[in-house]
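I have placed the structure first, in the form of structure tokens, so that the comments after it can refer back to it.
The values are calculated or read from the model by the stated rules, or taken from the named source; none is laboratory data. This one's a predicted model, so the numbers in the text were calculated from it and none came from an experiment. Cβ: placed from backbone, ideal geometry, glycine included. Neighbour counts: every protein chain shown. With ligands, DNA and RNA removed, areas are computed over all heavy atoms of the protein, side chains included. Shrake-Rupley method; radii C 1.70, N 1.55, O 1.52, S 1.80 Å.
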Amino acid sequence: MKVLLVGGGGREHALAWALSGSGLLSRLWVAPGNAGIAEIAECVAIGAEDVAGLVAFATAQAVDLVVVGPEAPLTLGLADACAAAGLRCFGPSAAAARLEGSKAFTREVATAAGVPGAEWARFTDPAAARAYIREKGAPIVVKADGLAAGKGVVVAASVEEAERAVAEIMEDRVHGAAGAEILVEECLVGQEVSFFALCDGTTALPMAAAQDHKRVGEGDTGPNTGGMGAYSPPPAFTPEIEAEVMARIIRPTLAEMTRRGTPFCGVLFAGLMLTDGGPRLIEFNVRFGDPECQVLMMRLQSDLLAALLAACDGELDRFTLRWSREAAMVVVMAARGYPGAYAKGSVIEGLEAAAQVPGAQIFHAGTARAEDGSLIATGGRVLGVAGSGASLRAARDAAYAAVDAVRWPGGFCRRDIGWRALDR
Ligand code: AMP
Ligand code: GLY
């Protein structure tokens with residue numbers, strides 16, 4: 001089978017790596033890919049948001065499946081454009097991708113489906129939002145409604161901080177148009193986990209959970225990032241909790257989306273808080289998480305391509321997914337300065353030695369080849385250095401042994417990925 005994978009980050013390197021292991025695969029293109037992906041697939045210079053360009057390429061090459069990594073092309077209607085062109089596509093329609101594109105839409109669907117989550121209210125008027133915040137008190141959460149690159153959320157410890165967030169998002173428009181409407185939510189307390197379910201519109205198949213580390217600093221401090229490291233499985237996410245999440249969050253959401261005439265096909269990513277009162281929904285995403293996808297692919301034993309095809313063809317009720325009992329951890333290496341301003345073009349060495357570490361796997365996120373062939377950093381998050389092992393501790397040791405083999409003065413990483421599970 002011929003596959004076109006869309007995206008160029010660590011998630012897509014991990015997906016390309018897993019797809020490469022499929023006996024069903026004959027040819028794999030990745031648009032636009034990166035330097036690591038280029039070692040295992042054919043990279044094509046089409047941007048991940050160039051919907052027309054992607055559809056034209058997939059049609060010309062008669063690909064059997066388009067796999068969409070990031071959310072942006074989905075919210076732009078790539079899956080719909082593929083359907084119109086007679087191409088099979090793994091990823092939801094633009095209408096179903098609103099589960100990620102609009103937080104208010106997610107709250108409406110979740111409320112209609114009876115999904116347990118935070119108490120919430122939406123505002124287009126800053127004065128009304130301030131009044132509500134004063135009435136509810138702190139801690140309280142303020143969110144820009146639209147996509148704000150993961151940065152439109154303020155978990156405010158005080159009423160003053162929450163009111164400042166309202167001013168910044170709605171009046172100063174620090175996230176642009178995404179701040180026209182805000183949500184104000186109850187602050188949920190507990191451990192946060194990312195859970196992934198494969199969906200074919202009717203059937204949802206549990207995949208696995210992972211714990212991400214969104215803050216840039218050790219001990220989960222400092223500004224939010226796209227994710228500085230992840231591990232799977234999180235010990236706090238027991239089989240009982242997974243069953244509850246499937247029964248109360250994933251399946252009711254899938255049914256509600258179908259009832260609305262916008263069935264969800266793709267991977268549903270539930271951001272959950274494990275509270276004392278049980279698992280609660282924080283948000284949905286309509287794609288694999290990054291870096292979570294990297295540890296999921298390290299643990300997946302089933303044929304990924306067969307699974308994605310079953311999701312596209314509505315055959316998940318006859319499919320089972322097998323997972324390794326081993327643990328996996330990924331440590332993100334980022335350019336110094338990330339998530340603020342950072343330099344591009346610094347040279348990275350030592351990846352051959354890192355890849356030799358038993359149990360290690362290197363995924364590229366933001367890399368390219370310079371003209372002289374050297375590997376250079378081109379993004380904020382640059383490498384995902386992953387390890388697997390019989391225990392989380394062994395996975396961590398493999399990942400950090402590989403990190404220590406990387407020679408990249410322009411980069412940094414957190415040294416404490418997995419601390420919540422390992423310090424117990
Ligand atoms: P989101 O962009 O919705 O994923 O939010 C970013 C981060 O803010 C989440 O990963 C949580 O850590 C935190 N967060 C969002 N909503 C809540 C909430 N209602 N209660 C506590 N923390 C939250
Ligand atoms: N790592 C979180 C995300 O992909 O949204």
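Looking across the range 195-212, just one residue is within 13 Å of ligand 1 (Cβ to nearest atom) and either at pLDDT below 95 or open to solvent by 10 Å² or more (accessible area, probe 1.4 Å) (or both), and that is Asp212.
Table: residues versus (1) over 20 Å from the mean Cα position of the chain (by Cα); (2) not in a helix (DSSP H, G or I).
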| site | (1), (2) |
| --- | --- |
| Phe237 | no, yes |
| Ile241 | yes, no |
| Val245 | no, no |
| Ile249 | no, no |
| Ala255 | yes, no |
| Thr258 | yes, no |
| Pro263 | yes, yes |
| Gly266 | no, yes |
| Leu272 | no, yes |
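In the range 1-36, the residue that is nearest to ligand 1 (Cβ to nearest atom) out of those that are part of a strand (DSSP E or B) and in contact with a Pro (Cβ under 9 Å, 6 or more places away or on another chain) is Gly7. Here the range 57-87 is the region considered, the condition is being under 22 Å from the mean Cα position of the chain (by Cα) and part of a loop (DSSP other than H, G, I, E, B), and the residue that is nearest to Glu42 (Cα to Cα) is Gly69. Considering the range 107-145, the residues that are β-branched (Val, Ile, Thr) and touching a residue at least 24 places away in the same chain (Cβ under 8 Å) include one that is surrounded by the fewest Cβ atoms within 10 Å (Cβ to Cβ), namely Thr124.
Ala96: part of a helix (DSSP H, G or I), in contact with an Asp or Glu (Cβ under 6 Å, 6 or more places away or on another chain), within 30 Å of Glu12 (Cβ to Cβ) and open to solvent by less than 20 Å² (accessible area, probe 1.4 Å), yes or no? Here the answer is no, as Ala96 does not meet what is asked.
The set of residues in the range 301-315 being in contact (Cβ under 8 Å) with a residue 60 or more places away in the chain and open to solvent by 10 Å² or more (accessible area, probe 1.4 Å) consists of Asp303, Ala306, Leu309, Cys312, Asp313, Gly314, Glu315.
Conditions tested, residue by residue: (1) at pLDDT below 95; (2) under 18 Å from His213 (Cα atoms); (3) open to solvent by 40 Å² or more (accessible area, probe 1.4 Å); (4) in a helix (DSSP H, G or I).
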position	(1), (2), (3), (4)
Asp317	no, no, yes, yes
Ala328	no, yes, no, no
Met333	no, yes, no, no
Tyr342	no, no, yes, no
Ala355	no, no, yes, yes
